[in-house]
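Peer 1: Before I ask anything, let me first share the structure, which is written out below as structure tokens.
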Amino acid sequence: MYPWLKAFHLIFVVTWFAGLFYLPRLFVYHAMSEDALSKDRFKTMERKLYSGIMTPSLVLVALMGLALIWQMGIAWFAATTWLHVKLALVAILVAYHFYLGHIVVRFKTDSNRHGHVFYRVLNEFPVLILIAVVVLAVVKPW
Ligand code: HEM
């Protein structure tokens with residue numbers, strides 16, 4: 001059971017990150033677009049990516065992760081410092097996810113307040129968390 005849970009944990013990490021990387025990219029193009037047809041198309045793409053792929057992936061990553069902890073037992077969990085640090089970083093990533101959801105609504109209601117440069121910079125953030133979390137989970141330094 002444990003290897004299967006880990007496999008699907010990682011599969012949903014990949015699908016979640018596909019969206020975490022691509023959605024701010026859509027915001028870049030959306031912020032640069034001027035005609036109504038393009039804007040409507042971006043709204044549909046953003047809504048489907050966020051609600052259809054990213055949020056279900058986030059839920060499944062968390063469920064698989066919690067199931068892995070449950071399989072290993074509470075004593076193991078209490079002793080694994082790297083996992084505590086990882087979960088703190090994942091909490092920041094979850095906040096970022098919901099912030100992206102807030103931006104989706106802003107675009108949907110035509111009340112976006114940022115330019116394309118803002119979204120280009122925002123797009124870099126999940127890379128830092130990805131590197132830190134994967135190194136922690138694989139190297140397990142503490
Ligand atoms: C609520 C969220 C999460 C929980 C509760 C969680 C929990 C876990 C647990 C318990 C393991 C097994 C560790 C072991 O066997 O030693 C694991 C493995 C792993 N997790 Fe997560 N995780 C979460 C989110 C994430 C995220 C967002 C990423 C990537 C950015 C990630 C990347 C990994 C990797 C790469 C492994 C495999 C480590 C290995 O055994 O080589 N996890 N996770």
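The values are calculated or read from the model by the stated rules, or taken from the named source; none is laboratory data. Owing to the predicted nature of the structure, the values given are computational and were not obtained by experimental measurement. All Cβ positions, glycine included, derive from the backbone under ideal geometry; neighbour counts span all protein chains shown. Surface accessibility is based on the protein's heavy atoms, side chains included, excluding ligands, DNA and RNA. Shrake-Rupley method; radii C 1.70, N 1.55, O 1.52, S 1.80 Å.
Peer 1: Out of curiosity, is Met54 surrounded by fewer than 14 Cβ atoms within 10 Å (Cβ to Cβ), under 23 Å from Phe125 (Cβ atoms) and touching a helix residue (DSSP H, G or I) at 6+ places or on another chain (Cβ under 7 Å)?
Peer 2: Working: surrounded by fewer than 14 Cβ atoms within 10 Å (Cβ to Cβ): no; under 23 Å from Phe125 (Cβ atoms): yes; touching a helix residue (DSSP H, G or I) at 6+ places or on another chain (Cβ under 7 Å): yes.
Against the criterion (surrounded by fewer than 14 Cβ atoms within 10 Å (Cβ to Cβ), under 23 Å from Phe125 (Cβ atoms) and touching a helix residue (DSSP H, G or I) at 6+ places or on another chain (Cβ under 7 Å)), Met54 does not qualify.
Peer 1: Quick check on my filter: what residues within segment 98-124 are hydrophobic (A, V, I, L, M, F, W, C), within 16 Å of the ligand (Cβ to nearest atom) and out of contact with any helix residue (DSSP H, G or I) (no Cβ under 6 Å at 6 or more places or on another chain)?
Peer 2: Residue satisfying the conditions is Phe98 alone.
Peer 1: Quick check on my filter: what residues within segment 77-86 are open to solvent by 70 Å² or more (accessible area, probe 1.4 Å) and within 11 Å of the ligand (Cβ to nearest atom)?
Peer 2: His84
Peer 1: Hey, does segment 131-139 have a residue that's surrounded by 15 or more Cβ atoms within 10 Å (Cβ to Cβ), more than 30 Å from Met1 (Cβ to Cβ) and not aromatic (Phe, Trp, Tyr)?
Peer 2: Looking through segment 131-139, none of the residues is surrounded by 15 or more Cβ atoms within 10 Å (Cβ to Cβ), more than 30 Å from Met1 (Cβ to Cβ) and not aromatic (Phe, Trp, Tyr).
Peer 1: Which of (1) open to solvent by 40 Å² or more (accessible area, probe 1.4 Å); (2) under 12 Å from the mean Cα position of the chain (by Cα) is the odd one out, the single condition Pro24 does not satisfy?
Peer 2: For Pro24, the exception is condition (1).
Peer 1: Okay, next question. Kindly indicate whether Val13 is among the hydrophobic types (A, V, I, L, M, F, W, C), more than 16 Å from the ligand (Cβ to nearest atom) and at pLDDT 95 or above.
Peer 2: Working: among the hydrophobic types (A, V, I, L, M, F, W, C): yes; more than 16 Å from the ligand (Cβ to nearest atom): no; at pLDDT 95 or above: yes.
No, not satisfied.
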